[in-house]
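A short worksheet on the structure shown next.
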Amino acid sequence: MWNSGVWPNQFSYAIVLSACARLVDVELGKQVHCSVVKTGLGFDSFTEGQPQKAMAVFEEMQERGCVPDQVASVTIINACVGLGRLEDACQLFMQMTSPNVVAWNVMISGHAKGGKEVEAIKFFQDMIKASIRPTRSTLGSVLSAIASVANLSFDLRSMLWQ
């Protein structure tokens, strides 16, 4: 597909990820998953639609002493958020040595959608302090959180430049 100039969508990614799982090709699966995250389709329910299975695999990895890489960590945090387990997501997030923008976005959007708007705003502030550049997705989530709490005293400009 890529060689012919056609970009994959959530359905083609889901098929390829399923094939990787059947072939037990973890390395290719990681590469495909990384591409899913980079294209912003990681939040699509079609490509991340089995959070319970993701949690079970993660728990099995922990029992075997495996340390998750950043892709696995973000996937599990996303699964926790999808299951409404925000406290678990926070714990996992805090264990990451240097969370990337995708991890921050999952935490911000998850808290904003989960009715924890003030926490979402706090994550955004911490993201800025950590010198992580926000994406459009980040800004959309934090602005939604700010609008939800109807607290116009949050000066977005000052938060960005602190």
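Total residues in the range 25-69 satisfying the condition of being at pLDDT 75 or above, under 18 Å from GLY110 (Cα atoms) and open to solvent by 40 Å² or more (accessible area, probe 1.4 Å): the figure is 1. Each residue in the range 89-102 was checked for being assigned to a helix (DSSP H, G or I), at pLDDT 90 or above and among the aliphatic types (A, V, I, L, M), and 3 of them qualify. When the range 61-88 is filtered for residues that are over 14 Å from the mean Cα position of the chain (by Cα) and either among the aromatic types (Phe, Trp, Tyr) or in a helix (DSSP H, G or I) (or both), the ones remaining, listed by number, are MET61, GLN62, GLU63, GLU87. Restricting the range 140-162 to residues that are surrounded by 15 or more Cβ atoms within 10 Å (Cβ to Cβ) and more than 23 Å from GLU87 (Cα to Cα) leaves a set whose member that is modelled with the lowest pLDDT is PHE154.
Within the option set SER109, SER73, being in contact with a helix residue (DSSP H, G or I) (Cβ under 7 Å, 6 or more places away or on another chain) and in contact (Cβ under 8 Å) with a residue 60 or more places away in the chain holds for one residue only, SER109. One residue stands out among those in the range 102-116 that are of a type outside the set (Gly, Ala, Ser) and open to solvent by less than 40 Å² (accessible area, probe 1.4 Å): the one that is nearest to ASP69 (Cα to Cα), which is VAL102.
With respect to VAL57, determine if the residue is among the hydrophobic types (A, V, I, L, M, F, W, C) and part of a loop (DSSP other than H, G, I, E, B). Criteria not met by VAL57.
Scanning the range 118-139 for residues that are open to solvent by 40 Å² or more (accessible area, probe 1.4 Å) and in a helix (DSSP H, G or I) yields VAL118, GLU119, LYS122, GLN125, ASP126, LYS129, ARG136, SER137, LEU139.
The values are calculated or read from the model by the stated rules, or taken from the named source; none is laboratory data. All values derive from a computational prediction rather than experimental measurement. Note that we place each Cβ from the backbone using ideal geometry, even for glycine, and neighbour counts take in every protein chain shown. Areas reflect the complete protein model, heavy atoms only, side chains present, ligands, DNA and RNA absent. Shrake-Rupley method; radii C 1.70, N 1.55, O 1.52, S 1.80 Å.
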